[in-house]
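Visitor: The following block contains the structure, expressed as structure tokens.
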Amino acid sequence: MHAHIVLSHPEAKSYNAYLCAVAREALEATGWSVTATDLYQSGFDALERASHYRDRVQSQRFDVQLEQRHASDTGTIPPEVAAEIANLDRADFLILQYPLWWHLPPAILKGWMDRVLIYGEVYTSKMRFEDGRFKGKRAILSTTVGTSPATYAHDGRSGDIDLLCWPVNFTLAYVGYTVLQPFIAYGVEAGLRYSSPAEVEKRLEMNAKSWAHTLKTIDARPAIPFNRMSEWGSDGHIAAGAPVHSPFVRRKKELELE
């Protein structure tokens, strides 16, 4: 079995980089092979732009989907994008390792998704969700946050962590992955206003041990349910009688009942 890690943190000695190393060690100890892409250290260009495409369909304006599909069809996908797609094709298991900044992943990871999950080669209207390119493969988010689990509860001041992770999880499900419940490393404080250095160090080490255990027992990790294409009506709404797995749909329904 092979795993690929995409690391998104600008500091090579960051806690996120450390968790990347923990993941590699834990998986290799159980017989996995592991590769990693460090987006910052590799200088990955997160900005999708016309200059990435050497054989343009139209030069007057940059239509992203049109150029992505043309590059897919003509074998002219930018080499750094093709290399990342090859990493994903090779891997049975994908880990996205990143800090939560302003309630979102770092911009470089969003840019990686914009460029690598390319229209045509990776997804089309007929190649998504249960028919996605990466069906049969698993993926997980490993995310660090600054404060406690309580602040990321459904009524926490930092926002519901399930909702904050949902867009990235949904993106992975869209291209076919079976998405496992995310691993959240809580209390990774940038400052020491709330904890002593010793307390922070102890919490960080506990997080790392928990992450290693998660990976060594990854087959027991539950998957997040997502609706299949057959469960959506032609109007884009959830079909009558279908289960509702999106937390956004569910919560809106609850509001309507109040």
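The values are calculated or read from the model by the stated rules, or taken from the named source; none is laboratory data. Please read these numbers as outputs of a predicted model, since none were measured by experiment. Note that each Cβ is placed from the backbone with ideal geometry, even for glycine, and that neighbours are counted across all protein chains shown. These accessible areas exclude ligands, DNA and RNA; they are computed on the full protein's heavy atoms, side chains included. Shrake-Rupley method; radii C 1.70, N 1.55, O 1.52, S 1.80 Å.
Visitor: Output the qualifying pairs, or none if there are none: Cβ atoms under 9 angstrom, residues six or more apart or on different chains, first residue in segment 35-57 and over 13 Å from Gly111 (Cα atoms) and among the basic types (Lys, Arg), second residue open to solvent by 40 Å² or more (accessible area, probe 1.4 Å) and part of a helix (DSSP H, G or I).
Guide: That search, which allows pairs on different chains as well, returns Arg56/His70.
Visitor: Answer yes if at least one residue in segment 89-105 is more than 30 Å from Ser158 (Cα to Cα), touching a helix residue (DSSP H, G or I) at 6+ places or on another chain (Cβ under 6 Å) and surrounded by fewer than 18 Cβ atoms within 10 Å (Cβ to Cβ), and no otherwise.
Guide: no
Visitor: Note down all Cβ pairs under 6 Å where the first residue falls in segment 81-92 and is part of a helix (DSSP H, G or I), the second is surrounded by 13 or more Cβ atoms within 10 Å (Cβ to Cβ), and they're at least six residues apart or on different chains.
Guide: Val81/Arg115; Val81/Val116; Glu84/Val116; Asn87/His4; Arg90/His2
Visitor: Pairs, please: C-beta under 8 Å, at least 6 apart or cross-chain, first residue under 30 Å from Arg221 (Cβ atoms) and at pLDDT below 85 and in segment 183-198, second part of a strand (DSSP E or B) and open to solvent by less than 40 Å² (accessible area, probe 1.4 Å)?
Guide: Listed pairs, sorted by first residue: Val188/Pro99; Val188/Thr144.
Visitor: Applying the selection to segment 45-68, what residues are of a type in the set (Asp, Glu) and part of a helix (DSSP H, G or I)?
Guide: Glu67
Visitor: Go through segment 4-44 and give me each residue that's assigned to a loop (DSSP other than H, G, I, E, B), at pLDDT 95 or above and open to solvent by 50 Å² or more (accessible area, probe 1.4 Å). Quick ask: steps written out before the conclusion?
Guide: Here is the first cut: in segment 4-44, the residues assigned to a loop (DSSP other than H, G, I, E, B) are 8-14, 30-32, 39-44.
Okay, now just the ones that are also at pLDDT 95 or above, so 8-10, 30-32, 39-44.
Residues satisfying the conditions are Pro10, Thr30, Gly31, Tyr40, Gln41, Ser42, Gly43.
Visitor: Out of the residues in segment 206-220 meeting the condition of being assigned to a helix (DSSP H, G or I) and open to solvent by less than 70 Å² (accessible area, probe 1.4 Å), tell me which one is modelled with the lowest pLDDT.
Guide: Initially, segment 206-220 is screened for residues assigned to a helix (DSSP H, G or I), giving 206-216, 218-220.
Adding the requirement that they be open to solvent by less than 70 Å² (accessible area, probe 1.4 Å) leaves 207-208, 210-212, 214-215, 218.
Details: Asn207: 90, Ala208: 93, Ser210: 95, Trp211: 97, Ala212: 97, Thr214: 97, Leu215: 97, Ile218: 96.
Only one residue fits best here, namely Asn207.
Residue by residue, here is whether (1) surrounded by fewer than 20 Cβ atoms within 10 Å (Cβ to Cβ); (2) modelled with pLDDT under 95; (3) among the charged types (D, E, K, R); (4) in contact with a Ser or Thr (Cβ under 9 Å, 6 or more places away or on another chain) holds:
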| position | (1), (2), (3), (4) |
| --- | --- |
| Asp55 | yes, yes, yes, yes |
| Gln58 | yes, yes, no, no |
| Gln68 | no, no, no, no |
| Tyr119 | yes, no, no, yes |
| Tyr123 | no, no, no, no |
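Visitor: Could you give me the residue pairs with C-beta distances under 7 Å whose first residue belongs to segment 225-242 and is without any contact (Cβ under 8 Å) to a residue 12 or more places away in the chain, whose second residue is of a type in the set (Val, Ile, Thr) and in a loop (DSSP other than H, G, I, E, B) wherever it lies, and which are 6+ apart or on separate chains?
Guide: Ile238/Val244
Visitor: Separate question: Would it be correct to say that Ala150 is at negative phi, free of Cβ contacts under 8 Å to residues at least 12 places away in the same chain and over 12 Å from the mean Cα position of the chain (by Cα)? Working first, answer last.
Guide: Working: at negative phi: yes; free of Cβ contacts under 8 Å to residues at least 12 places away in the same chain: yes; over 12 Å from the mean Cα position of the chain (by Cα): yes.
So Ala150 passes the test.
Visitor: Does any residue of segment 41-52 turn out to be hydroxyl-bearing (Ser, Thr, Tyr) and under 23 Å from Thr143 (Cβ atoms)?
Guide: Yes, segment 41-52 contains at least one residue that is hydroxyl-bearing (Ser, Thr, Tyr) and under 23 Å from Thr143 (Cβ atoms).
Visitor: Continuing with this model, one more query. Here's a check for you: in segment 221-251, which residue that is farther than 30 Å from Trp211 by Cα and among the polar types (S, T, N, Q) is surrounded by the most Cβ atoms within 10 Å (Cβ to Cβ)?
Guide: Checking each candidate, the answer is Ser230.
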